[in-house]
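In what follows, a structure is listed as structure tokens, so that the remarks can point back to it.
Only the coordinates and a few stated rules stand behind these numbers; no lab work does. Here the structure is a predicted model, which is why all the values come from computation and not from measurement. Heads up, the Cβs are rebuilt from the backbone with ideal geometry, glycines too, and the neighbour counts pull from every protein chain shown.
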Amino acid sequence: MGHRKKSAPRRGSLAFLPRGRASRHIGRIRYWPTVENGPVPLGFAGYKAGMTHIFYVDNFKGSPNYGKEIFKAATVLETPPMRVCAVRVYEKTYDGLKALTEVWSKDLPKDMERKFTLPKEPKFEDNIERLNEYLDRISEVRIIAATQPRLASVPKKKPDVMEIKIGGGSIEEQLKYADTVFGKELTVSNVFKEGSFVDVISITKGKGFQGPVKRFGIKILPHKSRKTKRGVAAIGPWHPARIVYTVPRPGQMGYFHRVEYNKRILKIGSDGSEITPEGGFVRYGLVRGNYVLIEGSVPGPVKRLVKLRYPARPPIPKMMEPLKITYVSLASKQR
């Protein structure tokens, strides 16, 4: 028998390169989709509380389990109301969108001083009528909203601030909607509906500097191997005379920026005791107010800020219907 060449699938996906640490612990939304329904904020933010499991009746007609009760894991996000602090408008230029002007509300949360150094005589306003002067130049309308971590069970006071684009309708309609929420609180039920799909943006759990066995899943070499066991046998050929990026090497693992598409909202509630286990979620505590139950897992550890966005690649409309949940587990997930 002749020599048979050994072949095996590569270890570690190349879809997540470069494997470098995220610059911040808050995810960044780089794209806002277009929607047909009339002016509505396209995003929201919440804090990851933990996971549980539920039973619900499958309502997808193409599924073999249609009409049956199925089991699913679910993630609980605590979503206290966000305060709309400002409205910012953008104009389209030859090299992309540029901020045109903005209007800040007089009724800012007290904790905003922990986030920004406010000027001694800030030019705050009661409404956004001034923005109508730029109506012919405005391309996008976005609100600047701040979370209220004091209303959640996270050990922080400083709010997290994010821009949320207002989608749907004309620019005039978007400005009118922005005026109705300017300086007021925005709840998650004003943005999303039960049964709809969202994209989840977050930073994954950090695991520090790890070797290629844990980082890429390569095999451990025999004990007689030269120099190393927990590494690849050859890091590359003579030519090209360099180490190519596809070779599994040690480095940062986790704390990556990730976007997960089309996560279904199973439930939106205002009473956290409905889904909080006895004694609270492990390493988080009690969910006291508004919450969102999302099907499956969500990137990041508990207490991390998770951003939700209207789906960039929405699935078929048949699936975007409220679900009939029959059971929500309140058992503690202590390991």
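General remarks:
- In the chain, the DSSP-assigned H stretches of four residues or longer account for a calculated mean residue ellipticity at 222 nm of -1500 deg cm²/dmol, using -39500 (n - 2.57) per stretch and the full residue count as denominator.
- Principal axis box of the chain, alpha-carbon based, largest edge first, Å: 83, 52, 41
- Spacing of the two label points (7 Å from each Cα toward its C-beta) at Y261 and Y94, in nm: 3.4 nm
- Reachable lysines, given that their alpha-carbon falls under 30 Å from the alpha-carbon of K219 and they are not under 8 places away in the same chain: K5, K6, K205, K207, K227, K229
- Only Lys, Arg, Asp and Glu carry charge here, each on its Cβ (+1 for the first two, -1 for the last two); on that basis the chain has a dipole of about 3400 debye about its Cα centre.
- Taking 0.36 nm per residue of separation and subtracting the current Cα-Cα distance, fully stretching the chain between K207 and A233 would add 6.9 nm.
- Its convex hull of Cα atoms gives region 81-186 a direction-averaged projected area, equal to a quarter of the hull surface, of 7.6 nm².
- Ordering V328, G280, A312 by the projection of their Cα atoms onto the charge dipole of region 227-335, which places +1 on the Cβ of Lys and Arg and -1 on the Cβ of Asp and Glu, puts A312 at the extreme positive end.
- Two-site label geometry, E102 and L330: point separation in nm, points 7 Å out along Cα→Cβ: 4.3 nm
- Each residue, K115 and N132, gets one label point 7 Å from its Cα in the Cβ direction; the gap between the two is 2.8 nm.
- With the cut-off at under 16 Å, measuring from each backbone N in region 72-97 to a point 7 Å along the Cα-to-Cβ line of S189 picks out 78-82.
- Taking a straight Cα-Cα cut-off under 22 Å and skipping sequence neighbours fewer than 8 places away in the same chain, the lysines within cross-link reach of K98 are K123, K165, K176.
- For peptides 101-108, 201-208, sequence by mean Cβ density within 10 Å, most packed first: 201-208, 101-108
- Gained length - R19 relative to R226, 0.36 nm times residue gap less alpha-carbon distance: 71.7 nm
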